[in-house]
1. So if I take the centroid of the Cα atoms in region 218-273 and the same for region 44-113, what is the distance between those two points in Å?
2. Could you derive backbone 3J(HN,Hα) for region 320-334 from the dihedral phi with the Karplus parameters 6.51, -1.76 and 1.60 (θ = phi - 60°), listing whole Hz in sequence and x where the residue is Gly or Pro?
3. Give the accessible surface of region 118-234 per residue, rounded to a whole number of Å², with probe radius 1.4 Å and ligands, DNA and RNA excluded.
4. As a check on your grasp of the helix formula, calculate [θ] at 222 nm for the chain: sum -39500 (n - 2.57) over DSSP H runs of n ≥ 4, divide by the residue count, round to the nearest 500.
5. Which of the chymotrypsin sites (Phe, Trp or Tyr not before Pro) across region 145-184 are loop residues per DSSP, with 15 or fewer other Cβ within 10 Å?
6. Under the Cβ-under-4.7 Å rule, which cysteines of the chain stay unpaired?
7. How big is the gap, in Å, between the Cα center of region 166-186 and the Cα center of region 360-384?
8. First obtain the Kirkwood hydrodynamic radius of region 1-81 from its Cα pairs, then insert it into the Stokes-Einstein equation at 25 °C and 0.890 mPa s, and state the resulting D in µm² per second as a whole number.
Amino acid sequence: MSATPRFRFAPSPTGYLHVGNARAALFNWLEARRIGGEFLLRIEDTDRERSSSDLTENILESMRWLGLDWDGDIVHQAEHLDAHVDGARSLLAAGQAYWCDCTPEDVDGRRTDKSASGYDGHCRDRDIAEGPTTALRFRAPDEGTISFDDLIRGDVTFDVATIEDFVLLRSSGLPVFLLSNAMDDASMGITHVVRGEDHVNGTPKYLLLRDALDLGRPDVFAHLPMLVNESRKKLSKRRDSVAVGDFRERGYLPQAMRNYLALLGWGPKDDVEIRPIAEIIERFRLEDVNPAPAFFDEKKLEHFNAEYVRALSTDEFIDAVTPFLDQPAATLEPIRQMAPALQQRVRLLPDAEPMVDFLHLDQPVRDDASWEKVMVKNVDTARQMLAAALEAFGEVDWDHEALHACLLAVGEANGLKLGKAQAPIRVAVTGRTVGPPLFESLEVLGRDATLGRMRAALDALP
Ligand code: GLU
Ligand code: ZN
């Protein structure tokens, strides 16, 4: 038993970091942080053709964005290839592996269940010499069982008769993923192997290799439940939107995303779902993860995001929203003044731009449906209100409370409730019937611009 528990996240840079991987990284990180362990990062880049440094960069970037900091230097699996080859050759020397020159067609249709008669054992007894087309195969035991205790699934047992003599080194000379994976976990001193359930079926081979190489076993395995979409289908890269970077671009906050991911297969006992990460770390228990598939519910994620946007300070909100605004720096000050009102309405960060575009455009973007409804269908009311408010707004103190009281009075004088009375003003100034609170918007826009737009709208009425 090593003193410090060691966790690792071991992504393959053959695609962007997707939410399933991010959840695996997060659960490793949460448990490691809670129990004072280390959280290491290993890039499984042995598949030269499918791996790329851009994808590695994407994975690191997404992890940084989510705040999943790792300990120590990043381990690149490809740098250990020689050690993996040596490991495979030591098994050959010990008689636990042999060369095989079967083609895929030869192997196709062959019985691999050793308990059945007719099992041919690949080239076990053919004494093939190493050559340009030979692969090195592991001599898997013929009978017995291999088990491990999974923290989430309990006892998992495989009949070794179902495990064929699998390849260790391909004919290209390169080690297979399982060998590299098992050997690196050992050389890195990993005590806790926490990963997706798609790796359960590879675990007996992993253990056979660790045993054969005399590398000991990790203390803990935990295979996390898969993520499914609303039709209960496994989340797929093709069908579903799954890259963490896409969520970032669509205006999710990393804190909201991280909080939401923590609840995919786990939940705190008090059912308080939205809470600071320090509390999540404190409450998280890997052994409480539910093995059933977890529904990745984007609606719920969006709701989390809205909550997190609301809870930001003004400075944090401005920092978060700025990359999503199409605004000159000069309008950031007015936006800052409106921040609390905007934060109540923004669910995803890009929602903010159409709420504040009136601040920097010479002419508001005219939403045709809004114009039609308020300025055309109700043209008499619009004319009456714009004319009356133009007059009243010329005198009023320019702050939202005074503007509110003023328009209320003008509306009453014209027999209109506030909602009806303010619609033409809103459409004149912002172009739309919906948006941030009107009087705050007018206050921030200023008297001259407001009156100018109201006059222009009045002139444009049919
Ligand atoms: N590289 C593997 C993957 O991305 C991870 C294997 C593991 O966690 O053991 O699926
Ligand atoms: Zn063979």
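1. Spelled out, the Cα-based centre of one part sits 26 Å from the other.
2. Going residue by residue, I get 5, 8, 3, x, 9, 9, 9, 10, x, 3, 4, 8, 5, 5, x Hz, with x marking Gly and Pro.
3. On a per-residue basis, 43 Å².
4. -12500 deg cm²/dmol
5. The qualifying sites: there are none.
6. Flagged as lacking a Cys partner: CYS102, CYS406.
7. 68
8. In µm²/s, the coefficient is 189.
The values are calculated or read from the model by the stated rules, or taken from the named source; none is laboratory data. For clarity, every value in this text was computed on a predicted model and none was experimentally measured. Quick reminder, even Gly has a Cβ in these numbers, built from the backbone with ideal geometry, and neighbours come from all protein chains shown. The area values use the complete protein model at the heavy-atom level, side chains included, leaving out ligands, DNA and RNA. Shrake-Rupley method; radii C 1.70, N 1.55, O 1.52, S 1.80 Å.
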